[in-house]
1. Which of (1) farther than 22 Å from residue 83 by Cβ; (2) at pLDDT below 90; (3) surrounded by 12 or more Cβ atoms within 10 Å (Cβ to Cβ) is the odd one out, the single condition residue 215 does not satisfy?
2. How about segment 60-80: which of its residues are among the small types (Gly, Ala, Ser) and over 25 Å from residue 121 (Cβ atoms)?
3. Somewhere in segment 67-87, is a residue at pLDDT 90 or above and assigned to a helix (DSSP H, G or I)?
4. How many residues does segment 186-203 hold that are open to solvent by less than 90 Å² (accessible area, probe 1.4 Å) and either at pLDDT 90 or above or in contact with a Leu (Cβ under 8 Å, 6 or more places away or on another chain) (or both)?
5. Would you say residue 183 is over 28 Å from residue 14 (Cβ atoms), open to solvent by less than 50 Å² (accessible area, probe 1.4 Å) and of a type in the set (Ser, Thr, Tyr)?
6. Identify, please: which residue in segment 1-32 is acidic (Asp, Glu) and open to solvent by 60 Å² or more (accessible area, probe 1.4 Å) and is, among those, farthest from the chain's Cα centre (by Cα)?
7. Exactly one condition in (1) modelled with pLDDT of 90 or more; (2) more than 30 Å from residue 203 (Cβ to Cβ) is false for residue 22; which is it?
8. Can you tell me which residues in segment 134-180 are within 25 Å of the chain's Cα centre (by Cα), loosely packed, with under 12 Cβ neighbours inside 10 Å and not in a helix (DSSP H, G or I)?
Amino acid sequence: MRKNIGIWLHNLNDDDVRALPQELVGDWEPNEKTAVVKYLNSSKPSMDDLFHGHQLQWFHICLFGCGTRLGSARSFDSSWTWRSDLSHYVEHHDVTLPQEFIRHVMQSREQAVLSDRSGRSDHSFWIDWCQENRSHAFETRIRELREEAEALYLKERTIRIKAMEASVGLSHATCMYRCCDQSALKDRAFCAGCEEKYSGTGHRASAYSRKFQEISKKPRKRFLELV
């Protein structure tokens, strides 16, 4: 099974085991860095993918906040798999990679393949390596942002509930949702809080996403001050 490298924290709801690329900034040997970047960028689409028109990918803005729009097309060779954004983080932000992968690149005569169908891959190697090599300078900040995101969500939820109550009005009946003793909305079975809670599932994710951008939009200098 191929080892997957370059799996990043992209949302405050992601697992704590995922690292930010900023936590892995380090020194490179110039010749190794040049070879690794070249190798990461050397992959070509497989003939099967070209024939069937595969290569779906989504885009995101560089997590260092440099403004570069990065893709997610997946590449692989016989032992490793990675996304197309990884070369940017290595080349422009000095994000380090496992020595095992670097040795593989320096000794390899393979041609990596660009494909969205690289098969099953193992994430555990990358997760374990990140835990051993990452700077933990961002962990406190991430916890703080999660708390701020939840507070933002609750504040905005209260505003939405009050607006719904003012717009629809309240009845003399009690909300029919189990264990809820709030007044139901006029001509409805449930209160504004329950309707908002069970119909507005994207509101919490939106608050968390906006708070996460406070990390990814900071300039690189600020990141390096934290490391």
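The values are calculated or read from the model by the stated rules, or taken from the named source; none is laboratory data. Just so it is clear, the structure is predicted and the values come from calculations on it, not from any experiment. Glycine gets a Cβ as well: all are built from the backbone with ideal geometry, and neighbour counts include every protein chain shown. These area figures cover heavy atoms from the full protein model, side chains too; ligands, DNA and RNA do not enter into them. Shrake-Rupley method; radii C 1.70, N 1.55, O 1.52, S 1.80 Å.
1. Only one criterion is unmet by residue 215, namely (1).
2. 65, 67 - these are the residues of segment 60-80 that are among the small types (Gly, Ala, Ser) and over 25 Å from residue 121 (Cβ atoms).
3. Yes, because at least one residue in segment 67-87 is at pLDDT 90 or above and assigned to a helix (DSSP H, G or I).
4. 7
5. Criteria not met by residue 183.
6. Filtering first and then ranking leaves 29.
7. Result: residue 22 passes all but (2).
8. If the condition is that a residue be within 25 Å of the chain's Cα centre (by Cα), loosely packed, with under 12 Cβ neighbours inside 10 Å and not in a helix (DSSP H, G or I), then 136 is the only one that fits.
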